[in-house]
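Read the structure below first, then the notes.
The values are calculated or read from the model by the stated rules, or taken from the named source; none is laboratory data. All of these numbers come straight from a predicted model, not from anything done at the bench. All Cβ positions, glycine included, derive from the backbone under ideal geometry; neighbour counts span all protein chains shown. Note: accessible area is taken over every heavy atom of the protein model, side chains too, but ligands, DNA and RNA are not part of it. Shrake-Rupley method; radii C 1.70, N 1.55, O 1.52, S 1.80 Å.
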Amino acid sequence: MNAPLLNGQAKLKGEAAFDAYDASYAAVVQDSVAFSGIGYDFFLRSKAALLADIIAEHLPDRPSPKVLDVGCGIGALHPLLAPLCGDLHGADISAACIEQARANNPGVSYDAYEGLALPHADAQFDMAIAICVMHHVPPGDWTAFAAELKRVVRPGGLVCVIEHNPLNPATRLSVMRCPFDEDAVLLRRSRTRKVLSSAGLNWIAGRYFVFAPSTAPWARRLERRLGWLPMGAQYAALARA
């Protein structure tokens, strides 16, 4: 499948925006959420805990899956995600961020690419994830972006899109405070579901998360119970190829 490229202006602007933050990404994100009193590391651990649940529940036959993280940035999540995977790959349009990711995570395979077409063959992965990436993709390219995630996943594999929840006021404030989210177009979970379905993916479930500022066992139990409630700071949208 040859996916259409982003239009030139959007592509170049996207690369330049993230290239400029290759060495300061974590600090910029931390500054955008500082008002909450929660550290950036907490959000990484929350995502890793959620992905561990998803792998255990939806890939029971693949306890060490081959995973592609699309829009991985500097690979900040990968020290937590790699132990959950048998083979972890990352891809991003920012070559500068990919170089930083390689330096930070020598055990992970990384590729820089342009436009929407991922630099991977068909049906290569058990799961493809895109974490807080789709809101940077022009809305007209959302379906093509999701179709690329589907293309690189084996039949029966998973596509997981994690996004900011625009129904959460604190989330909207943190996005407003983040300089590289300046042009972000936030998607409600219902909209993400429609995008995944329009790309030919079979919807499984959606789950809201980040309700409590803790990743302790009690907080993880609470997160699982409240996953239906549309007030978590973020959500995961899960579909099968």
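Quick look at the values:
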item: Counted residues, segment 60-75 - those being closer than 23 Å to Met134 by Cα and open to solvent by 30 Å² or more (accessible area, probe 1.4 Å); result: 1
item: Filter result for the condition that a residue is surrounded by 18 or more Cβ atoms within 10 Å (Cβ to Cβ) and modelled with pLDDT under 90, over Ile38, Ile54; result: Ile38
item: Number of positions in segment 196-241 that are open to solvent by 60 Å² or more (accessible area, probe 1.4 Å) and over 26 Å from Val152 (Cα atoms); result: 10
item: Selection from segment 42-84 of residues that are in contact with a Pro (Cβ under 6 Å, 6 or more places away or on another chain) and not aliphatic (A, V, I, L, M); result: none
item: Residues within segment 58-88 that are within 16 Å of Val161 (Cα to Cα), free of Cβ contacts under 8 Å to residues at least 60 places away in the same chain and either assigned to a helix (DSSP H, G or I) or over 13 Å from the mean Cα position of the chain (by Cα) (or both), tallied; result: 1
item: Criterion (open to solvent by 20 Å² or more (accessible area, probe 1.4 Å) and under 16 Å from Pro230 (Cβ atoms)) met by exactly one of Ala170, Ala184; result: Ala170
item: Test: His120 is in a helix (DSSP H, G or I) and in contact (Cβ under 8 Å) with a residue 40 or more places away in the chain; result: no
item: Residue satisfying all of: in segment 103-119; among the hydroxyl-bearing types (Ser, Thr, Tyr) and open to solvent by less than 40 Å² (accessible area, probe 1.4 Å); farthest from Ala76 (Cα to Cα) among these; result: Tyr113
item: Ile162 vs. criteria assigned to a loop (DSSP other than H, G, I, E, B), crowded, with 20+ Cβ neighbours inside 10 Å and out of contact with any His (no Cβ under 7 Å at 6 or more places or on another chain); result: no
item: Count of residues meeting criterion [at pLDDT below 95 and in a loop (DSSP other than H, G, I, E, B)] in segment 94-105; result: 1
item: Of residues in segment 123-142 being under 16 Å from the mean Cα position of the chain (by Cα) and in a helix (DSSP H, G or I), the one farthest from Ala95 (Cα to Cα); result: Trp142
item: Filter result for Val175 (of a type outside the set (D, E, K, R) and either open to solvent by less than 40 Å² (accessible area, probe 1.4 Å) or at pLDDT 95 or above (or both)); result: yes
item: Residues being within 24 Å of His58 (Cα to Cα), in a helix (DSSP H, G or I) and hydrophobic (A, V, I, L, M, F, W, C) - total across segment 143-155; result: 4
